[in-house]
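Here's the structure, in structure tokens; my notes come after.
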Amino acid sequence: MTEPHVPDSPGGPRPASPRTSARAARRRVRAVKRWMGIDITVAQDGRVRIADTDAEREGAFDAYDRAIAMEARGHALSNGWTWDQRWLNAFRNIRSGSENPEPLIAYIVRRRRESGLPELPGPPGEDSPAAPEA
């Protein structure tokens with residue numbers, strides 16, 4: 001890994017401190033960009049993820065609330081899926097594409113409980129919510 005450039009001090013070049021290097025690395029990974037109206041970050045492995053920003057959380061929570069209201073009204077999904085399938089698929093997508101997925105999943109689980117909807121099936125794992133009772 002290359003050391004970040006540090007301007008010369010009066011006594012000659014100054015080596016970068018580990019703290020400065022760590023902050024610089026975090027900034028590179030955490031740099032939020034706007035792409036097609038979505039806040040994104042690019043991780044060190046090159047994967048693009050939805051950034052964990054207030055705007056993205058608010059937008060996601062609004063969309064989840066609308067879907068939960070539809071489920072509570074008994075709406076049938078047009079693609080033939082059950083609501084359980086829809087939410088487990090959403091959890092997979094959230095985990096693979098979000099910078100900080102667990103608060104989003106916990107929100108869905110909590111709001112579904114508050115709406116009196118049944119718990120989602122399955123043991124804790126990649127597809128299940130595995131959210132604590134709250």
remark   = Counting only residues in region 38-67 that are part of a helix (DSSP H, G or I) and acidic (Asp, Glu), the one surrounded by the most Cβ atoms within 10 Å (Cβ to Cβ) is identified as Glu56
ask   = What is the one condition in (1) of a type outside the set (Phe, Trp, Tyr); (2) part of a loop (DSSP other than H, G, I, E, B); (3) modelled with pLDDT of 95 or more; (4) in contact with a helix residue (DSSP H, G or I) (Cβ under 8 Å, 6 or more places away or on another chain) that Glu71 does not satisfy?
value = (2)
Checklist (1) under 24 Å from Arg49 (Cβ atoms); (2) at pLDDT 95 or above applied to Gly125, failing item = (2)
ask   = Which residues, counting only those in region 75-99, are part of a helix (DSSP H, G or I) and either within 18 Å of Glu119 (Cα to Cα) or more than 21 Å from the chain's Cα centre (by Cα) (or both)?
value = Trp83, Asp84, Gln85, Arg86, Trp87, Leu88, Asn89, Ala90, Phe91, Arg92
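Can you say whether Thr2 is farther than 22 Å from Glu119 by Cα, at pLDDT 80 or above and polar (S, T, N, Q), as far as the supplied structure shows? Show your work before the answer.
Values: farther than 22 Å from Glu119 by Cα: yes; at pLDDT 80 or above: no; polar (S, T, N, Q): yes.
The answer is no for Thr2.
Name every residue in region 25-37 that is in a loop (DSSP other than H, G, I, E, B) and either at pLDDT 65 or above or in contact with an Asp or Glu (Cβ under 9 Å, 6 or more places away or on another chain) (or both), in order of residue number.
Let us first name the residues in region 25-37 that are in a loop (DSSP other than H, G, I, E, B), namely 31-32, 36-37.
Matches in region 25-37: Val32 only.
The values are calculated or read from the model by the stated rules, or taken from the named source; none is laboratory data. Everything quoted here is computed from the prediction, not taken from an experiment. We place every Cβ from the backbone using ideal geometry, glycine too, and count neighbours over all the protein chains shown.
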